[in-house]
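Input: a single structure, listed below in structure tokens.
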Amino acid sequence: MIKREKYYGKKFTSRTELVAMIKNYMDYYNNVRYQRKLQVLTPIEYHNLYYRAA
């Protein structure tokens with residue numbers, strides 16, 4: 001997904017810029033994006049909800 005959404009069609013002028021994009025995307029992917037299969041919660045919200053119930 002990262003290649004399709006953030007890599008293809010873009011030019012990175014340095015390795016540092018590429019690494020920063022990957023780190024930002026990983027943060028977005030794990031903490032911000034909503035998932036229908038997780039009851040329209042972000043992965044971190046679902047994780048926290050799961051551990052509160054346990």
Are any of the residues in the stretch 14-31 surrounded by 11 or more Cβ atoms within 10 Å (Cβ to Cβ) and not in a helix (DSSP H, G or I)?
no
So which residues in the stretch 6-30 are modelled with pLDDT under 85 and under 15 Å from the mean Cα position of the chain (by Cα), if there are any at all?
Lys6, Tyr7, Asn30
Single condition Lys3 does not satisfy, out of (1) modelled with pLDDT of 90 or more; (2) charged (D, E, K, R); (3) exposed (fewer than 10 other Cβ atoms within 10 Å of the Cβ)
(1)
Could you list all residues from the stretch 32-43 that are surrounded by 12 or more Cβ atoms within 10 Å (Cβ to Cβ) and either part of a helix (DSSP H, G or I) or among the acidic types (Asp, Glu) (or both)?
Leu38, Pro43
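The values are calculated or read from the model by the stated rules, or taken from the named source; none is laboratory data. Everything numeric in this text was worked out from a predicted model, so none of it was measured. All Cβ positions, glycine included, derive from the backbone under ideal geometry; neighbour counts span all protein chains shown.
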